[in-house]
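Have a look at the structure below before the remarks.
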């Protein structure tokens, strides 16, 4: 890992109109091909009755019978995995396609930007692109598509179809040191030292420490996941947290994550199926102790999902 490793991620999610019992299979190494196409590799994996979780050399891949979620960082080109994904998934079965990319710290080292990615994606999906947040500060770009297969599919019927992301910059220097392994230590010691071991303790866990440093974690239980990725360089420090575990009020969980990393800046991204209330209303706090909210953006897409974006600064 160089001192200019790009922590902020690219993310895509594909949702099928109906479950495909064979989607999770990897005897043909389809998921290795998908990951390799992006420029990453599978490091390890864990499986449960409802899903498989892969730790990658750059972030994570999750596969259910009815959807796929892939997150990559560094110099990976996530859009190059999309043709391989379509080979693994019958194109006509795809109901929703979602691609997200945060503004980067070192864009000069990337092989593409969001506009170039959208040019590739629009050859495969008819969709719209958005920016949530200010152009000259922390923001996320989103490309969203609902295909003809979505007819008759209503994500809003699922009250727990929601995802929370915390994208954190400028981590506390003491926290950075805590993520650098000492001789003979593994991820368990890092988790105990930082408090990550107290997160979702009943979930199945997979984690990895990278050389010279860097930490990734996947945890799964049933259809639910939580994932953390940490880039603990002094210059360009970054950590991300994401989960689809629905909570009536995320305030306590957000506070717990903030206490672990003590970031100088936090971007909160909350995605959910559209209901009668605004996304995150009563679930995502308007205030975080010790931080001020500098930005709020909201988009409701025309096919059942909405995204709330907020920036917080110490």
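The values are calculated or read from the model by the stated rules, or taken from the named source; none is laboratory data. Computed from a prediction, not measured in an experiment: that's the story for all the values here. Backbone-built Cβ (ideal geometry, glycine too); neighbour counts: all protein chains shown.
Structure values in brief
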{"quantity": "Qualifying positions in the range 206-219 - more than 14 Å from the chain's Cα centre (by Cα) and within 17 Å of residue 71 (Cβ to Cβ)", "calculated": "206, 207, 208, 210, 214, 215"}
{"quantity": "Among residues of the range 71-101, those that are within 19 Å of residue 57 (Cα to Cα) and in contact with a strand residue (DSSP E or B) (Cβ under 9 Å, 6 or more places away or on another chain), counted", "calculated": "12"}
{"quantity": "Residue pairs meeting the criteria (Cβ under 6 Å; at least 6 apart or on separate chains; first touching a residue at least 12 places away in the same chain (Cβ under 8 Å) and at negative phi, in the range 31-49; second surrounded by fewer than 16 Cβ atoms within 10 Å (Cβ to Cβ) and not in a strand (DSSP E or B))", "calculated": "42/32"}
{"quantity": "Residue count for the range 209-239, restricted to those that are surrounded by fewer than 20 Cβ atoms within 10 Å (Cβ to Cβ), at negative phi and modelled with pLDDT of 95 or more", "calculated": "3"}
{"quantity": "Within the range 284-313, tally of residues that are more than 24 Å from residue 96 (Cα to Cα), assigned to a loop (DSSP other than H, G, I, E, B) and in contact (Cβ under 8 Å) with a residue 40 or more places away in the chain", "calculated": "1"}
{"quantity": "Complete set of residues in the range 3-50 that are surrounded by fewer than 16 Cβ atoms within 10 Å (Cβ to Cβ), touching a helix residue (DSSP H, G or I) at 6+ places or on another chain (Cβ under 9 Å) and more than 16 Å from residue 84 (Cβ to Cβ)", "calculated": "4, 18"}
{"quantity": "Subset of the range 136-160 [part of a loop (DSSP other than H, G, I, E, B) and at pLDDT 90 or above]", "calculated": "136, 137, 138, 139"}
{"quantity": "Checking residue 30 against (1) over 20 Å from residue 219 (Cα atoms); (2) modelled with pLDDT of 95 or more; (3) under 18 Å from the mean Cα position of the chain (by Cα), the condition it does not meet", "calculated": "(3)"}
{"quantity": "Checking residue 49 against (1) under 14 Å from the mean Cα position of the chain (by Cα); (2) at pLDDT 95 or above; (3) over 22 Å from residue 92 (Cα atoms), the condition it does not meet", "calculated": "(1)"}
{"quantity": "Tally of residues being within 18 Å of residue 9 (Cβ to Cβ) and outside any loop (DSSP other than H, G, I, E, B) across the range 68-93", "calculated": "11"}
{"quantity": "Number of positions in the range 101-135 that are in a loop (DSSP other than H, G, I, E, B) and free of Cβ contacts under 8 Å to residues at least 24 places away in the same chain", "calculated": "5"}
{"quantity": "Hey, residue 199 in contact with a strand residue (DSSP E or B) (Cβ under 9 Å, 6 or more places away or on another chain), modelled with pLDDT of 90 or more and more than 28 Å from residue 297 (Cα to Cα) or not", "calculated": "yes"}
{"quantity": "Residues of the range 55-68 satisfying the condition of being touching a residue at least 60 places away in the same chain (Cβ under 8 Å) and under 19 Å from residue 222 (Cα atoms)", "calculated": "55, 60, 62, 64"}
{"quantity": "Complete set of residues in the range 246-283 that are within 19 Å of residue 306 (Cα to Cα) and buried (at least 20 other Cβ atoms within 10 Å of the Cβ)", "calculated": "250, 267, 268, 269, 270, 271, 272, 279, 280"}
{"quantity": "Residue match in the range 295-305 (condition: closer than 21 Å to residue 14 by Cα and over 20 Å from the mean Cα position of the chain (by Cα))", "calculated": "yes"}
